[in-house]
Structure formats: structure tokens, C-alpha cells
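Comments concern the structure below.
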Amino acid sequence: MRIFPSANKVFFRAIIPGMSGSGTKLDTAYVEFVNGGIVPPADVSPQVLQAHFDSLASTHDRDYLRLPILSHTLGEAMDEGVPTLTVVVSTDGAAGVHGKPFSAAAGSRVYAVTLAASQLNDREDIFVARHRYIGEEQLEKPELGSVMLTVILL
């Protein structure tokens with residue numbers, strides 16, 4: 001997981017729903033998928049992520065799901081004392097934002113997840129962190145149920 005600048009314990013507390021007094025909360029995940037085989041996920045800077053998600057509309061096999069984060073757990077990395085935030089996301093949905101199918105029949109495979117603090121206008125979401133699944137790490141959509149993603153931010 002690539003953490004963008006300024007992530008620390010204070011930051012984590014400031015964005016966890018129920019702990020945040022700022023009104024900004026980490027509550028959304030952008031889950032990118034491809035319909036087909038393993039793909040090399042793009043290494044995208046936070047400044048151009050929204051343009052990256054928009055560009056998926058013009059591909060024939062890639063899209064993303066914009067999903068709520070189901071849970072947050074604040075902790076510390078073992079033996080290091082480094083603050084961690086663990087979030088859980090479930091890939092509920094049958095189609096991506098741009099309408100491409102998300103299903104086992106389509107051969108859907110998750111290749112990246114980006115965490116965001118949602119805004120009233122989703123085009124203004126604040127991107128916090130991004131993780132890319134490389135090669136065999138990419139997660140296939142099962143026939144029944146969803147892909148459960150557990151992301152740990154250090």
C-alpha cells in the first residue's frame with residue numbers, strides 16, 4: 001500500500017468515521033478491475049487519479065467500483081510501534097461505474113484499490129492511499145459472493 005504524504009496516527013484518527021471532528025472521513029474505496037487475465041496496474045500519482053478513473057470509460061475491459069468502507073480498526077504494527085489503520089471493503093455490485101460487468105462469468109479480476117475520503121460531489125473525493133495487486137496477487141471475482149479486501153495502512 002502506498003500511503004500519500006502526512007499519514008500518521010493523528011491523521012488516521014482525523015479520518016476514521018466517529019472519531020473525526022473535521023467532517024472529512026475515510027469512507028470510500030475505488031476498486032479497479034479488469035475482465036480478463038492478469039494486467040499490470042498503472043502507477044498513478046494522487047494528482048491524476050480522478051483522470052485515471054475517468055479514462056477507464058474508454059477501455060473495453062477495465063472499470064472500477066466505488067464502494068463504502070465497511071470497517072476501520074486503529075492499531076500498531078507488531079514489534080514496531082508504527083500506527084496502522086486496517087479497513088475492510090466488500091466488492092458488492094454487478095457493474096462498474098462505467099457500466100462494464102463485474103462478475104465471475106466476465107472473468108473479473110481486482111487489480112488495484114484506492115482509499116478516499118468522500119465528498120458531496122464524488123469528483124472531489126480526497127484520495128488517501130492506493131494499493132496495486134501485482135501478478136498472481138490479483139483477486140478473481142468468485143462465482144458466489146464478493147471479493148473481501150482487507151487493506152492495512154502503515
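What are the residues in region 3-54 that are modelled with pLDDT of 65 or more, among the charged types (D, E, K, R) and surrounded by 14 or more Cβ atoms within 10 Å (Cβ to Cβ), if any?
Selection gives 25, 27, 32.
Take the residues of region 132-146 that are at pLDDT 90 or above and part of a loop (DSSP other than H, G, I, E, B): which is surrounded by the most Cβ atoms within 10 Å (Cβ to Cβ)?
Our first condition is that a residue be at pLDDT 90 or above; within region 132-146, this holds for 132-143.
Next, from what is left, pick out any that are part of a loop (DSSP other than H, G, I, E, B): 133-134, 138, 141-143.
Values: 133: 18, 134: 12, 138: 18, 141: 20, 142: 12, 143: 8.
Per the stated criteria, the residue is 141.
How many of the residues in region 70-110 are within 19 Å of residue 137 (Cα to Cα), more than 13 Å from the chain's Cα centre (by Cα) and assigned to a loop (DSSP other than H, G, I, E, B)? Working first, answer last.
Step one: of region 70-110, the residues within 19 Å of residue 137 (Cα to Cα) are 86-91, 102-104, 106-110.
Okay, now just the ones that are also more than 13 Å from the chain's Cα centre (by Cα), so 102-104, 106-109.
Adding the requirement that they be assigned to a loop (DSSP other than H, G, I, E, B) leaves 102-104, 106-107.
Counting residues in region 70-110 that are within 19 Å of residue 137 (Cα to Cα), more than 13 Å from the chain's Cα centre (by Cα) and assigned to a loop (DSSP other than H, G, I, E, B) gives 5.
Looking at region 67-110, which of its residues are under 24 Å from residue 125 (Cα atoms), surrounded by 13 or more Cβ atoms within 10 Å (Cβ to Cβ) and without any contact (Cβ under 8 Å) to a residue 60 or more places away in the chain?
Residues satisfying the conditions are 67, 69, 70, 72, 90, 92, 93, 95, 97, 98.
Could you say which residue among 129, 57 is surrounded by fewer than 17 Cβ atoms within 10 Å (Cβ to Cβ) and touching a residue at least 12 places away in the same chain (Cβ under 8 Å)?
On the way: 129 fails: surrounded by fewer than 17 Cβ atoms within 10 Å (Cβ to Cβ).
Among 129, 57, only 57 is surrounded by fewer than 17 Cβ atoms within 10 Å (Cβ to Cβ) and touching a residue at least 12 places away in the same chain (Cβ under 8 Å).
Take the conditions assigned to a strand (DSSP E or B), of a type in the set (Val, Ile, Thr) and out of contact with any Ser or Thr (no Cβ under 6 Å at 6 or more places or on another chain) and apply them to residue 34. Does it pass? Before you say what the answer is, go through the steps one by one.
Values: assigned to a strand (DSSP E or B): yes; of a type in the set (Val, Ile, Thr): yes; out of contact with any Ser or Thr (no Cβ under 6 Å at 6 or more places or on another chain): yes.
Yes: the conditions hold for residue 34.
Could you please find all residues in region 114-147 being farther than 23 Å from residue 76 by Cβ and among the aliphatic types (A, V, I, L, M)?
Residues of region 114-147 farther than 23 Å from residue 76 by Cβ: 114, 116, 118-127, 132-147.
116, 120, 126, 134, 139, 144, 147 - these are the residues of region 114-147 that are farther than 23 Å from residue 76 by Cβ and among the aliphatic types (A, V, I, L, M).
For the list (1) within 19 Å of residue 35 (Cβ to Cβ); (2) among the small types (Gly, Ala, Ser); (3) in a strand (DSSP E or B), I need the number of the one condition that residue 129 fails.
(1)
Can residue 67 be described as in contact with a helix residue (DSSP H, G or I) (Cβ under 9 Å, 6 or more places away or on another chain), hydrophobic (A, V, I, L, M, F, W, C), over 22 Å from residue 135 (Cα atoms) and in a strand (DSSP E or B)? Steps first, answer last, please.
Values: in contact with a helix residue (DSSP H, G or I) (Cβ under 9 Å, 6 or more places away or on another chain): no; hydrophobic (A, V, I, L, M, F, W, C): yes; over 22 Å from residue 135 (Cα atoms): yes; in a strand (DSSP E or B): yes.
No, not satisfied.
The values are calculated or read from the model by the stated rules, or taken from the named source; none is laboratory data. Remember, predicted model here, so these are calculated numbers, not experimental data. Please note: Cβ atoms are built from the backbone with ideal geometry, for glycine as well, and neighbour counts cover all protein chains shown.
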